[in-house]
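Take a look at the structure set out below.
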Amino acid sequence: MEKVTVAVVQAESGPTLERGLERTEELLEKATQLGAQLVVFPETWLPGYPAWLDVCRDVALWDHEPVKAVYERYASQAVEVAGKAGDELRRMARDRGVAVVVGVSERVGAGPGRGTLYNTCLTIGADGTLLNHHRKLVPTYTERLVWGYGDAVGLRARDTPAGRVGALICWEHWMPLARQALHDSGEDIHVAL
């Protein structure tokens, strides 16, 4: 069996998407200097997890201005996969020749679903190619106030220099058929965001 070096990031990304991208690049640089062939970032690494869902007493009130303001700020910091932030993530992987799995809060900027946020996992190849785009199938509990429901398009493993990589997000690991889809697609490495 071939040896594979994987770096798993457990850190804070930053208070803004811009700072989060800078932090991502810093940590990718460090991981590749240590020989990582695959670097994994957590669920919603960019721009961070909306923890206010669990601590804001009035989070579900209709037309509540403070919650609308927090949501607007969060949505403005979300990643457009086909936009500038997505391009930056692909460039970072390509520049370092490393595969990356990263959790993002995705904002759809155009086309079907425009304006929707998704809890998304991106798998990026060492050449900067977006290999997989997986949206969390069912947001968990209060997450439904922020993210839309995903689809099964990204339930697959993809070839990387580290092996065939598949990933699921958080509570999806309680979904046997989602796990089975990844097993059936021949994953060598399973990433649990």
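What follows draws every value from the coordinates through simple rules; no lab data is involved. These numbers were taken from a predicted model, which means no experiment stands behind them. Ideal geometry is used to build each Cβ from the backbone, glycine not excepted, and the neighbour counts take in all protein chains shown.
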Suppose each label sits 7 Å from its Cα in the direction of the beta carbon; what would the Gln33-Val55 distance come out to in nanometres? 3.2
So Arg164 and Glu72, fully extended at 0.36 nm per residue minus their Cα-Cα distance, gain in nm 29.4 nm
Given charges at Cβ of Lys, Arg, Asp, Glu: segment 64-104 dipole, positive-most of Met92, Ser76, Gly103: Met92
Could you go through segment 33-41 in sequence order and give the Karplus-derived ³J(HN,Hα) for each residue, using 6.51 cos²θ - 1.76 cosθ + 1.60 with θ = phi - 60°, rounded to whole Hz, and x for Gly and Pro? 5, 8, x, 5, 9, 9, 10, 10, 10
Under 24 Å from Lys84, Cα to Cα: lysines that are on another chain or at least 8 residues apart: Lys30, Lys136
Estimated distance in nm for a label pair at Thr5 and Arg19, the labels positioned 7 Å out from Cα along Cα-to-Cβ: 3.0
Cβ density ranking, 10 Å radius, fewest first, applied to Cys56, Cys121 yields Cys56, Cys121
Explain nothing, just compute: Karplus ³J(HN,Hα) = 6.51 cos²θ - 1.76 cosθ + 1.60, θ = phi - 60°, for every residue of segment 88-95 in order, whole Hz, x for Gly and Pro. 5, 4, 5, 4, 4, 5, 4, 4
Using a cut-off of 20 Å between alpha-carbon atoms, which aspartates and glutamates can reach Lys68, once sequence neighbours fewer than 8 places away in the same chain are excluded? Asp54, Asp58, Glu106, Glu143
Within the chain, what is the longest stretch that has no chymotrypsin sites (Phe, Trp or Tyr not before Pro) placed in a DSSP loop and near at most 16 other beta-carbon atoms within 10 Å? 63-148
For Val191, residues with placed amide H under 5 Å, excluding near neighbours: Gly166, Ala167, Leu168
Let me have the 222 nm mean residue ellipticity of the chain computed from DSSP H runs of 4+ only, each contributing -39500 (n - 2.57), with the sum over all residues rounded to the nearest 500. -8500 deg cm²/dmol
Each residue of segment 175-192 in order: what ³J(HN,Hα) in whole Hz does its phi give by Karplus 6.51 cos²θ - 1.76 cosθ + 1.60, θ = phi - 60°, with x for Gly and Pro? 9, x, 6, 5, 4, 4, 4, 6, 4, 5, 7, x, 5, 8, 10, 9, 9, 10
For Asp87 and Leu145, calculate 0.36 nm times their separation in residues minus their Cα-Cα distance, and state this gained length in nm to one decimal. 18.1 nm
Please state the charge dipole magnitude for segment 6-192, taken about the Cα centre, from unit charges on C-beta atoms (+1 on K and R, -1 on D and E), reported in debye and rounded to the nearest 20. 200
Spelling it out for Leu131: with amide H atoms placed in the peptide plane at 1.01 Å from N, the residues 5 or more places away or on another chain with amide H under 5 Å from its amide H are Thr123, Ile124, Gly125
Multiplying the sequence separation of Ala110 and Glu80 by 0.36 nm and subtracting their Cα-Cα distance, what value in nm do you get? 9.9 nm
